[in-house]
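Every number here is computed from the coordinates shown, using simple stated rules; none is lab data. Just so we're clear, the structure is a prediction, and the values are computed from it rather than from any experiment. Positions of Cβ are backbone-derived with ideal geometry, glycine not excepted, and every protein chain shown enters the neighbour counts.
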């Protein structure tokens, strides 16, 4: 029997690839490209493997067309290194662009933080920050050398100068006479003449075009301003920004021309970077507890304690896509979904109607999803499938499946993941102590769902040594993609297969819900409203600067895009009241603001004004209360006694007659809110009561409206309500019926605020 088994084994013939430890052929090929042939392989097998590796590495890919989709940091890093890092200029010519010179990036446009957010206050543009970031990373050494007749060393110096110019940030108004301005001009003078003159022209244009004047007064990244100047110079200066807000089609062409002109001059390839749409847009995020927030920056800041359920994109005008974007996708040999923020990177790109179908219709391209490496607070720290555990790669794909129109079918096949086996255990341990957790690769689940996980060591050893950070290595990842592309004939039965009719893709789309106002229009609306608001001070302290306070209020309101402009129509003044004149009873709460319907004013205790967070809380609560307006005719608390024994109190609320109210809510909506506030209706439809047991606290409907308003906007602004709402986080059980009832009421309250209060 033993002899028979031995003979069977001797008849088995092994391929040299069978000697590599990976299971999947793709992983074997990628590992062979990245790490070479194992030392202990037999000499005959080694020769075959070395020959295969040589073919994989030396087969030219210069004519291979690559299109990459994503947001800022993740996309720029794999294209050409993270150009915002201080040490990027030491090694700027890396990544996909160096191996695949025809690499083009399709960039997300929903960013609204930092310098980009400041630009959106003044200009009707799409977000430009991520495009600037990726554009700088797309500079190719070969293009610089050809264009300016220089050598490799000089190309590196140009990249260094461009990085310092484009990444320069200033916190004060940008003025010509300053040393900072002169330093910028000096750096531009060190560039090749044509390049330096073009950038100097854009710099001067910033000061000559009156439409851009407001941007120079805000904190900015200079590269964003130069990009805005490159776009605006393509539009007749007689057309104001206000007119451009109404004629977005003019900016459609200008954005394309401006970006490509700048790309060509700095050494990026033709159409190196284009927005997924030229239409300004903003992100709308729905959590599993029913709360909906607006604005990409809120996604990273929010700490809701619930997973993200879904995301939508609100477009401010007709959704426009460049024909060139669709043509590049159709002609691509490789399509890559870059790593990045899960809900604010890939998903918003494919929310643009037609882009996902364009990818699906290209049936001959290699399609790769590059998985994120680490859990990201606010996005991937909780799994919707099981909030008790951390994120898996399958969770990321599930989010794509749910949020991308048509799902993930046809968008990618291979999933490039980091191999935790390649990362030193000491590093993982240190990261764990810091609360940083890798996204787990659940291979069996991915295979079951017909995706091919490819685990490999694509992280940067250099970045780990220098900064202690684990991130994708642009060169290693580019080699992995090259190995997959050149080796694709080994694992694709029919790489050129193309079945079925292609969908016709129009280049223009109408927004389904109608156009929304542009961010710059909303910012102007906030400023115009605050101009009409009177500021009154009661007492000697504090001494309030009206304009400074209004600037702070404007900034706070702008920071919460979920607040509709019409919410500001229910108050006329703000009273800042010295503490010694503050006569509001604080027995049951520590809320130092309220809305007074008598004079339609928001009243804030003076000591809340000087601290941004306190002012923000005070404003949000009073603003929420103002939506009820003058709905109440009378409020009173009556003691309940039986035989002189106090049993509790009854709160009575009498509503004004409907025709005398000035209120955000309709009569039926007020009734719904009062029911959620556990007020009981009586035979008189304008009379409501609430029994409060002895020793029990009570939050009146007006204050509840204000606290819920602040909580909905940001749960950190209303800790008392956050405590109440936490019942929704508890695992529900039939053993405690009251808990089920309470959680149900909380969910209904959240739905009321989402669908009624914050409807757009």
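Structure notes:
- Highest-first arrangement of 517-526, 221-230, where packing means the average Cβ count within 10 Å: 221-230, 517-526
- For the chain, calculated [θ]222 nm from helices alone, where every DSSP H run of n ≥ 4 adds -39500 (n - 2.57): -12500 deg cm²/dmol
- The range 82-193: C-alpha gyration tensor shape, a/c 1.5 cut-off, then a/b vs b/c: oblate
- In nm, spacing of pseudo-spin labels at residue 190 and residue 682 (7 Å Cα→C-beta vector): 8.0
- Overall form of the range 122-167 per C-alpha gyration tensor (a/c, 1.5; a/b vs b/c): prolate
- Considering only the chain, percent of DSSP beta bridges that pair antiparallel, nearest 5: 50
- The order of 90, 97, 65, going from fewest to most other C-beta atoms within 10 Å of their C-beta, is 90, 65, 97.
- Segment residue 740-residue 614, length gained on full extension (0.36 nm per residue, minus Cα span): 42.0 nm
- Measuring r between the beta carbons of residue 726 and residue 607 and using R0 = 30 Å, the FRET efficiency lands at 0.55.
- With the highest mean first, a sort of the peptides 240-251, 137-148 on other beta-carbon atoms found within 10 angstrom per residue produces 137-148, 240-251.
- Of all DSSP-defined beta bridges confined to the range 65-491, some 35% are antiparallel rather than parallel.
- Extension reserve of the residue 363-residue 249 stretch, reckoned as 0.36 nm per residue once the Cα distance is removed: 37.8 nm
- Identified option (computed log10 I(q)/I(0) by the Debye sum over Cα atoms at q = 0.05, 0.07, 0.10 Å⁻¹; candidates (1) -0.32, -0.60, -1.09; (2) -0.38, -0.69, -1.14; (3) -0.61, -0.78, -1.12): (1)
- Taking each residue as 0.36 nm, the span from residue 534 to residue 449 lengthens on full extension beyond its C-alpha to C-alpha distance by 24.5 nm.
- By average C-beta atoms within 10 angstrom, highest first, the peptides 324-336, 568-580, 279-291, 203-215: 279-291, 324-336, 568-580, 203-215
- Cα gyration tensor, the range 570-727 - rounded (a/c under 1.5), prolate or oblate: prolate
- Spin-label model, residue 754 to residue 427: label points 7 Å out along the Cα-to-beta-carbon direction sit 4.0 nm apart.
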